[in-house]
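The values are calculated or read from the model by the stated rules, or taken from the named source; none is laboratory data. All values reported here derive from a predicted model rather than from experimental measurement. Here Cβ is always computed from backbone atoms with ideal geometry, including for glycine, and neighbour counts include all displayed protein chains.
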Amino acid sequence: MSTTLKCSLRSYPYTDAIKSGAIQVPGVDLEFVDVKPHIAAFRRMVRDLEFDVCEIAPTTYVIARGYGVPIIALPIFFVRRFHHEGLMVRPGAGIETPKDLEGKRVGVRAYSVTTGVWKRGILQNEFGVDIDKVTWVVDDEEHVEALKLPRNVEHVPEGKSIAGMIASGEIDAGFTGDAGIGRQGKPTDGWNDARPEAPKDLRDLFTDGKRQEKEWYARTGIFPMHGTLAIKQSRLDEDPTLGQRLYDAFVAARAPYIADLEAGRAEGKQAEKDKRLSQIVGDPLPYGLEANRKSIEALIGYAYQQGLIPRRMAAEEAFLPL
């Protein structure tokens, strides 16, 4: 007899076989629930435990686990990208180097957004930026309600947005895309229908970010991740082998995509991105605790440094040791 698990997961070339049912999880029927934008599912999972299995941002997950939300994640990561690029600076802001961010106002959707955590970690640990001397301006709430924000975090005034404030000169820099100036408002239906136009004269703080990313990875072995798979602890308590069976199914779904990528058969936007990443890291979608240990430990360390979790966790405490 199969157990039905409610699952919210975005579609990727390496998860499609699971979502279509071509690859099964033994003893489990996955009932998929699409949430648009999927960011809203993060909030529903960590606040209400609405899903049995849910793809959520790894920082959201680490914070939730740190504050006792009864979920645990598999060492599976659906999205990878580096973060030396994507911090846009306003002309006339007096920001030429990372240290110049001190004393300035920087926009990010929420303080705990994963992109922000990675970028702040790099700024602090690689470039000596005192992130406590930066005012972080946010225009969304944090997913984990128990999180207490540092004093140098401000919410935008009612009726304003990060995109509008950088255009008007009220903030000095902002993160690109969904992490900052590429959207406005909370993640609700139709969130990205009308993306705000960023000023044309913004420039990236790092003009040679691609080179720096490659050198940073070669030196540290850290490959930033986004999107992990969290499971309700109660489901694992009922069925202790569930985590392994889910993990094995996702590994099986990933295998043909990686084979096609290596053979040059994979096509599409995701494949093009992963081909570029593979030139730096080899495997662009590593699964498993040991394959991701350095990246997991870096993310947990950054989250602790930034006051997002009450204590530093071991990788084995945060993720199932698979």
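Residue by residue, here is whether (1) in contact with a helix residue (DSSP H, G or I) (Cβ under 9 Å, 6 or more places away or on another chain); (2) aromatic (Phe, Trp, Tyr); (3) modelled with pLDDT of 95 or more holds:
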{"position": "Ile56", "(1), (2), (3)": "yes, no, yes"}
{"position": "Ile63", "(1), (2), (3)": "yes, no, yes"}
{"position": "Pro70", "(1), (2), (3)": "yes, no, yes"}
{"position": "Pro75", "(1), (2), (3)": "yes, no, yes"}
{"position": "Glu85", "(1), (2), (3)": "yes, no, no"}
{"position": "Gly92", "(1), (2), (3)": "no, no, no"}
{"position": "Lys99", "(1), (2), (3)": "yes, no, yes"}
{"position": "Gly103", "(1), (2), (3)": "yes, no, yes"}
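Examine the stretch 11-23 for a residue that is crowded, with 21+ Cβ neighbours inside 10 Å, part of a strand (DSSP E or B) and under 25 Å from the mean Cα position of the chain (by Cα), and state whether such a residue exists.
no
Where in the stretch 113-185 are there strands (runs of 3 or more DSSP E), lying wholly inside it, with at least 1 residues that are of a type in the set (Val, Ile, Thr), touching a residue at least 40 places away in the same chain (Cβ under 8 Å) and over 14 Å from Gln305 (Cβ atoms)?
In the stretch 113-185, the matching strands (runs of 3 or more DSSP E) lie at 153-155.
Can you tell me which of Leu299, Leu277, Leu289 is more than 16 Å from the chain's Cα centre (by Cα), assigned by TED's automatic domain parsing to the domain that holds Leu74 and closer than 15 Å to Tyr217 by Cβ? Show your work before the answer.
On the way: Leu299 fails: more than 16 Å from the chain's Cα centre (by Cα); Leu289 fails: closer than 15 Å to Tyr217 by Cβ.
Only one candidate passes the filter, namely Leu277.
Hey, among the residues in the stretch 268-292 that are farther than 23 Å from Lys210 by Cα and of a type outside the set (A, V, I, L, M, F, W, C), which one's surrounded by the most Cβ atoms within 10 Å (Cβ to Cβ)?
My answer is Tyr287.
Could you give every pair whose Cβ atoms fall below 6 Å, whose first residue belongs to the stretch 30-44 and is among the hydroxyl-bearing types (Ser, Thr, Tyr), and whose second residue is surrounded by fewer than 18 Cβ atoms within 10 Å (Cβ to Cβ), counting only separations of at least 6 or pairs across chains?
Nothing qualifies.
Within the stretch 257-271, restricting attention to residues that are assigned to a helix (DSSP H, G or I) and of a type in the set (Gly, Ala, Ser), which residue is farthest from Arg81 (Cα to Cα)?
Ala263
Filter the stretch 201-240 for residues that are surrounded by 14 or more Cβ atoms within 10 Å (Cβ to Cβ) and among the small types (Gly, Ala, Ser); which is farthest from Gly94 (Cα to Cα)?
Across the stretch 201-240, the extreme among qualifying residues is Ala230.
If a residue has to be over 30 Å from Ala249 (Cα atoms) and in a strand (DSSP E or B) to count, how many in the stretch 70-102 make the cut?
Of the residues in the stretch 70-102, 3 are over 30 Å from Ala249 (Cα atoms) and in a strand (DSSP E or B).
Per-residue answers, yes or no, for (1) more than 29 Å from Gln124 (Cα to Cα); (2) assigned to a helix (DSSP H, G or I); (3) not aliphatic (A, V, I, L, M):
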| residue | (1), (2), (3) |
| --- | --- |
| Ala249 | yes, yes, no |
| Ala252 | yes, yes, no |
| Ala255 | yes, yes, no |
| Lys273 | no, yes, yes |
| Ile280 | no, yes, no |
| Pro286 | no, no, yes |
| Gly307 | no, no, yes |
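Answer yes or no as to whether Glu297 is assigned to a helix (DSSP H, G or I), touching a Leu at 6+ places or on another chain (Cβ under 8 Å) and surrounded by fewer than 19 Cβ atoms within 10 Å (Cβ to Cβ).
Values: assigned to a helix (DSSP H, G or I): yes; touching a Leu at 6+ places or on another chain (Cβ under 8 Å): no; surrounded by fewer than 19 Cβ atoms within 10 Å (Cβ to Cβ): yes.
No, not satisfied.
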